[in-house]
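Q: Mind having a look at this structure? Questions to follow.
The values are calculated or read from the model by the stated rules, or taken from the named source; none is laboratory data. Quick caveat: nothing in here was measured; it's all calculated off a predicted structure. For neighbour counting, all protein chains shown are included, and Cβ atoms are generated from backbone atoms with ideal geometry for every residue, glycine included. When the accessible area is computed, the model is the full protein with side chains, heavy atoms only, and any ligands, DNA or RNA have been set aside. Shrake-Rupley method; radii C 1.70, N 1.55, O 1.52, S 1.80 Å.
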Amino acid sequence: MPDKSINTTCPYCGVGCGVRVTLDEQGGISVSGDPEHPSNYGRLCSKGAALGDTLSMDDRLLYPEVLGTTTAWDDALNFVSDQLQSIINEHGADSVAFYVSGQLLTEDYYVANKLMKGYIGSANIDTNSRLCMSSVVAAQKRAFGTDTVPGCYEDLERAKLIVITGSNTAWCHPVLYQRIVKAKKDNPDLMIVVIDPRRTSTADIADIFLPLKPTTDAILFNGLLHYLADNGEQNSLFTSHCTEGLDDALNAAASADIASVAAHCELDASDVEAFYRLFARTERVVSVFSQGINQTSSGTDKVNSIINCHLLTGRIGRPGMGPFSLTGQPNAMGGREVGGLANQLAAHMDIANPEHRATVQTFWQSPHIPDQDGLKAVELFKAIKAGQVKAVWIMATNPAVSMPDNQQVREALSECELVIVSDCVRNTDTSQYAHVLLPAQTWGEKDGTVTSSERRISRQRSLLPFPGESKPDWWIIAEVAKRMGHAEAFDYSEAADIFIEFARLSGYNNNGQRDFDISAYADLSYEQYDNLQPTQWPITSAQPQGTARLFADGRFFKPGGKAQFVTITPRPAAVPTDDQYPLVLNSGRVRDHWHTLTRTGHSSRLSAHISEPFVEVHPQDATQFGLTASALARVSSRWGEVIVRVNVSDHQRPGSVFIPMHWNDQFTSRACVDSLINDATDPYSGQPEFKHTPVSIEVYEPEWYGFILSRRRLALKNVTYWASSKGNDYWKYEIAGSELPQDWASCARSLLCSAEQDVGWVEYFDNAFKRYRAARIVNGRLESCLFIGPDINLPARDYLADIFVKEELSDKDRASLLTGKPPGDVEDRGKIVCACFNVGLNEITKAIKEQQLVTAEAIGKVLKAGTNCGSCVPELKAILKGSS
Ligand code: SF4
């Protein structure tokens, strides 16, 4: 068999990069960027490049399980349909709900939405996209009449000014960030403004950086609106012919002069003025925004405050300009298109619109169509807790981790009459509550489409054999629908059948009335579907090659065809800080991890960059609260508490702290940040306020600190803190305990091995300094090691990690093992900075010093670091800065 290449799409962020997968004769796969895909032109970030590492069968869910017993598909599907139908018969359609995901493919999403809204007759289907994008949806609909992203990625290269606000693009949308970096390199006149309370890696390329006070974004953009109008930057032709509501919006912003904006946002007035002046004088400006704007209790208003500035200047729909929302998930956009939100219908139609309801119902020939919105995510889990919703089917998402105030979500699930979970992973924080587990296929196995942030529909293609009895999500849903009596409506044999039906619906009764129209695909053959090329919707008979930009003609989808200025009265966060909880908690992503670690947590390459959950605090706060870098801290809010490692950084604002969102009970003892997050939501979108929860912080002082490296995954006992991460051939555990054991030797044995494995120990115990070190060497190979001390001063893990790959320890390795230091002639690479080429901090600092390197490019030439995905370039620059 010759090597075979398949083009598909990355399953992580909303950039939607094209991936080329090559399968070799031995069944091995290699992954590279698709050079022809217009999202990435061959680039991949560290996550995309490591996709091949994440295809392991570890912890895969392979067979259906009902009430804890492995079951045949037929029995599981009968059980699900019988139980759902019986609950519906007894309590009505609204007593059941689906909670779905931006990880689903469009075809899966469409079928789930059709079953719930058209055939069960409830709108109780919501998605985890509620947590990241719903404020953009609400804001775009208020302004444009439709949920339309007006521009495209190419605008970033054609802009003269890019304003990046509330987005750590460098880490969360790395390939787009690299496109911006290149655009700036090619055109040094391109100006970049970064607005964020945190100085993230994205600010590395900023000409102006505005570290504004959390939640004051709408004040800043109201001020910009006022400034633009005051300085003659209004595009009067555009505003008079193409918009409504300007006067009210300007009146609401009238008091937002530079001095008051600067005072409210806690910025230098000169910096605010410099930003306003730059925006005013630059015609081609793109405003990029993401979760920092969306994930607050006034996220919808914040998005509209940005859109208002583009409407005032008429900078929308033309090359190099416009507001640009970056979506978090690979198919958040596809979910919006099929009506995956509880207040939408398929093909961008609205539940509130009777004509839309009639259109969808007639097209589907369905018995029902809801005329009331369903429950949005936070409301949905509250309704489950209240017993109002009695059955929930969770697909491809992990709400026990990712929902705000997730302890309440866990309680709701534990009390729910019927919890069905479709997933590819067996053990998640959510699956432990499931009565039914249904094995779904995952990336590399499933077949369908996704839509990126720029409205580009791309194919995810099946490349690998399906493991166990896993099935596509659409198949599982359709089989349940058939058993509920709807065989004809769900008679799909391929993902293509669903996509074609969806394409027909998008054009049905449309006539240019609705933005979402892919009717050019209404008659695709299977072969054409297989070969579908990445294309931006609308895709119609008039525009068969797709559409890069919308609104260039000044026509919007509001009644009357005009865009709407939204009057913005900035609001503070829902829950203010106080004496008990004086700090603002912000949560978000780290560079190399994705969501709840179910995929990236199993890659040693991706776990090397940041392997442990942390709280980042400003040095002033560290001093005030007595915190030491690398020690542990307890962070508490009214909703919960976590214990995490302290990271001191002046990239934080004083008074603010950051904790990443990824860690959960499968990887840590107590570090799930969403257990701290308040459940306040935006009144228009229902999006929760992940970016602002008042918290307190204090030292967490264990009796001892330690770490373990082990070839086996361990179930730890006798520790009060643990955080695990995958290494090359081993699992690493950072641990701490609140009680000193009577006997370290027995404690080590209980942690690391069973009675039968109690061989091969090398041990060292220093009673005076309370240090214990042990290693198990079996058949000449290091099996596990444990280092304990009274404080955080423990050996670096990296050298020990390196000797795990050795099949036979050398005498030198054995001699130096319990010192935790490499033998004299072996270099310790230090913490990994470049995940693509496995380059450590010590190697970089040594090269900088010895070879007098002064640029990231020079480091790349010597060590290759930063020369693949570029995600670590900001860190290389920070290291250079620290070394200078
Ligand atoms: Fe995947 Fe990275 Fe591209 Fe996002 S930027 S789609 S994570 S390769």
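Q: Simple spin-label model, 7 Å along Cα-to-Cβ: residue 371 to residue 851 in nm?
A: 7.2 nm
Q: Keeping all protein chains in position, work out how much accessible area residue 255 exposes to a 1.4 Å probe, and write it in Å² to the nearest 10.
A: Using a 1.4 Å probe on the heavy atoms, I get roughly 90 Å².
Q: Taking Cα centroids, how far is the range 396-432 from the range 35-101 in Å?
A: Cα centroid to Cα centroid, the span is 13 Å.
Q: Once ligands and nucleic acids are excluded and a 1.4 Å probe is used, how much of residue 169 is accessible, expressed in Å² to the nearest 10?
A: 0 Å²
Q: In addition: Rolling a 1.4 angstrom probe over the protein chains, ignoring ligands and nucleic acids, what is the accessible area of residue 717 in square angstrom, nearest 10?
A: Counting only protein heavy atoms, residue 717 exposes about 120 Å² to solvent.
Q: Can you classify the range 2-145 as rounded, prolate or oblate using the Cα gyration tensor, where a ≥ b ≥ c are the square roots of its eigenvalues, rounded means a/c under 1.5, and otherwise it's prolate if a/b beats b/c and oblate if not?
A: oblate
Q: Can you give me the three principal axis dimensions of the range 57-213 from its C-alpha atoms, in Å, biggest first?
A: 64, 43, 31
Q: Can I ask one more? Extension gain residue 636-residue 779, at 0.36 nm per residue separation less the Cα-Cα distance, in nm?
A: The residue 636-residue 779 span can extend by a further 46.8 nm.
Q: Let me ask something else. Say the cut-off is 27 Å between C-alpha atoms; which of 302/376; 691/732; 47/864; 114/446 go over it?
A: In this structure, 691/732 exceed 27 Å between Cα atoms.
Q: Percent of accessible area on the range 448-558 owned by carbon and sulfur, 1.4 Å probe?
A: Whole-percent figure for carbon plus sulfur exposure: 43.
Q: Amide H of residue 655: which non-local residues (sequence gap of 5 or more, or other chain) have their own amide H closer than 5 Å, using H built in the peptide plane?
A: Under 5 Å from the amide H of residue 655: 618, 621.
Q: If I compute solvent accessible area with a 1.4 Å probe over the protein chains, what percent of it on the range 116-189 is carbon and sulfur?
A: Values: 780 of 1520 Å².
About 51 percent, which is the carbon plus sulfur part of the accessible surface.
Q: Something else now. Helix-only estimate, please: 222 nm mean residue ellipticity of the chain, summing -39500 (n - 2.57) across DSSP H runs of length 4 or more and dividing by its residues, to the nearest 500.
A: -8500 deg cm²/dmol
Q: Taking the DSSP beta bridges in the chain as the whole, what percent of them are antiparallel, to the nearest 5?
A: On the way: 74 of 119 bridges.
Close to 60 percent.
Q: Then there is this: How many angstrom lie between the Cα centre of the range 237-314 and the Cα centre of the range 771-826?
A: 56 Å
Q: Using the Cα atoms of the range 113-162, I'd like the radius of gyration and the largest Cα-Cα distance, Dmax, both in angstrom.
A: Answer for the range 113-162, Rg first and Dmax second: 16.0, 50 Å.
Q: Further question: What ranking, highest mean first, results for peptides 850-856, 745-751, 445-451 when packing means the other Cβ atoms within 10 Å averaged over each residue?
A: 445-451, 745-751, 850-856
Q: Specify whether the C-alpha gyration tensor of the range 250-332 places it in the rounded, prolate or oblate class, a ≥ b ≥ c being the square roots of the eigenvalues: rounded for a/c under 1.5, otherwise prolate if a/b is larger than b/c and oblate if not. Mind dumping the intermediate values first?
A: Values: a/c = 1.83, a/b = 1.28, b/c = 1.43.
The shape class here is oblate.
Q: Here's a follow-up. Counting only protein heavy atoms and using a 1.4 Å probe, what share of the accessible area of the range 198-332 belongs to carbon plus sulfur, as a whole percent?
A: Looking at the range 198-332 in its full context, I get 44 percent from C and S.
Q: Further question: Work through the residues other than residue 592 whose Cβ is under 14 Å from its Cβ and net out their charges, Lys, Arg +1 and Asp, Glu -1.
A: For residues surrounding residue 592, the net value is +4.
Q: Taking every DSSP beta bridge with both residues inside the range 578-657, roughly what % is antiparallel (nearest 5)?
A: Antiparallel bridges make up about 50 percent of those DSSP assigns within the range 578-657.
Q: Then there is this: Quickly rank 756-768, 182-194 as a protection proxy: mean count of other C-beta atoms within 10 Å, highest first.
A: 182-194, 756-768
Q: Could you estimate the translational diffusion coefficient of the range 557-702 from the Stokes-Einstein equation, with Rh from the Kirkwood formula over C-alpha pairs, at 20 °C and 1.002 mPa s, in whole µm²/s?
A: 128 µm²/s
Q: Can you give me the accessible area per residue for the chain, using a 1.4 Å probe, in Å²? Don't skip to the answer; put the middle values down first.
A: Details: 31360 Å² over 884 residues.
So the chain comes to 35 Å² accessible per residue, rounded to a whole number.
Q: Can you sort 802, 3 by solvent-accessible area, 1.4 Å probe, largest first?
A: Largest to smallest exposure gives the sequence 3, 802.
Q: Across all directions of projection, what mean area in square nanometres is found for the Cα convex hull of the range 544-631?
A: Value for the range 544-631: 13.1 nm².
Q: Rank-order 773-779, 174-180, 606-612 by packing density, defined as the average count of other C-beta atoms within 10 Å over each peptide's residues, highest first.
A: Averaged packing, sorted descending, gives the order 174-180, 606-612, 773-779.
Q: Please arrange 591, 60, 797 by accessible surface area, largest first, computed with a 1.4 Å probe and ligands excluded.
A: If we order 591, 60, 797 from most to least accessible, we get 797, 60, 591.
Q: Tell me whether the range 327-390 comes out rounded, prolate or oblate; compute the Cα gyration tensor, take square roots of the eigenvalues as a ≥ b ≥ c, and use a/c under 1.5 as the rounded threshold.
A: Numbers: a/c = 2.46, a/b = 1.24, b/c = 1.98.
It is oblate, given that a/c is not under 1.5 and a/b is not larger than b/c.
Q: For the full complex of protein chains and a 1.4 angstrom probe, list 486, 662 by accessible area with the highest value first. Provide the component values of the computation, followed by the final result.
A: On the way: 486 35, 662 0 Å².
Ranked list, largest accessible area first: 486, 662.
Q: Looking at the chain from every direction and averaging, what is the projected area of its Cα convex hull in nm²?
A: 36.4 nm²
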